[in-house]
Amino acid sequence: MESCTVFAGDTWIATGSAEAVREAIRALDMHDDIGTLLVFDDVTGRQIDLDMRPDEPARPRGRPRMGVVSGEVTLLPRHWEWLRAQPGGASAALRRLVDAARQQGVSGTAARDAAYHFLSAMAGNRAGYEEAIRALYAHDAARFTELTETLPVDVRDHARDLAAAWFASEPPVAAA
């Protein structure tokens, strides 16, 4: 998980890496009435459980001095053949593919879905929610902005941030 966001009720608390969000949660004064804490994955918009236990040092695998961590990938034989034929071999090709995908950022439809999941959790029972979702899926940024105006400021702003890549993308082509 690259980034997540935590809310206390309708109030934004922090956005960042899982560790940064854990630290922000630990810094809260739990004696204050802060409401329910909800943590969201910023890529999917889905609510997640954040493990608050202290991180235990993992036994290093791979080549830790170089920052390389080994893992397992399951592919079909044709995929392995293609990867082996790439300059630098399979590992280098996979690293290049992952880096290229990360540089492209969140796709339009992934951003739309993230905004939907977030709004479902945070505003699903509020007036205007269904119309805002219709505007989101209709790729109508102006209407979405108008319909989310009545949401609590932090919820509204985060939903708009999540949906930004969707509205910046080309509108979907309607089926004939």
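The values are calculated or read from the model by the stated rules, or taken from the named source; none is laboratory data. Note that the coordinates shown come from a computational prediction; the quantities given were computed from them, not determined experimentally. Ideal geometry is used to build each Cβ from the backbone, glycine not excepted, and the neighbour counts take in all protein chains shown. Surface areas here come from the heavy atoms of the whole protein model, side chains and all, with no ligands, DNA or RNA. Shrake-Rupley method; radii C 1.70, N 1.55, O 1.52, S 1.80 Å.
Could you say which residue among THR36, THR11, THR15 is touching a strand residue (DSSP E or B) at 6+ places or on another chain (Cβ under 8 Å), among the hydroxyl-bearing types (Ser, Thr, Tyr) and surrounded by fewer than 16 Cβ atoms within 10 Å (Cβ to Cβ)? Even if it seems obvious, please write down each step before you answer.
Values: THR11 fails: touching a strand residue (DSSP E or B) at 6+ places or on another chain (Cβ under 8 Å); THR15 fails: surrounded by fewer than 16 Cβ atoms within 10 Å (Cβ to Cβ).
Of THR36, THR11, THR15, the one residue that is touching a strand residue (DSSP E or B) at 6+ places or on another chain (Cβ under 8 Å), among the hydroxyl-bearing types (Ser, Thr, Tyr) and surrounded by fewer than 16 Cβ atoms within 10 Å (Cβ to Cβ) is THR36.
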Given (1) loosely packed, with under 15 Cβ neighbours inside 10 Å; (2) over 16 Å from the mean Cα position of the chain (by Cα); (3) farther than 29 Å from VAL69 by Cα, where does ASP99 come up short, assuming only one miss?
-> (3)
Of residues in region 150-176 being within 21 Å of PHE40 (Cβ to Cβ) and acidic (Asp, Glu), the one most open to solvent (accessible area, probe 1.4 Å) = ASP161
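Any idea how many residues of region 69-80 are surrounded by 11 or more Cβ atoms within 10 Å (Cβ to Cβ) and not aromatic (Phe, Trp, Tyr)? Don't jump to the end; show me each part of the working.
Here is the first cut: in region 69-80, the residues surrounded by 11 or more Cβ atoms within 10 Å (Cβ to Cβ) are 69, 75, 79-80.
Applying the additional criterion that residues be not aromatic (Phe, Trp, Tyr) yields 69, 75, 79.
Final tally of qualifying residues: 3.
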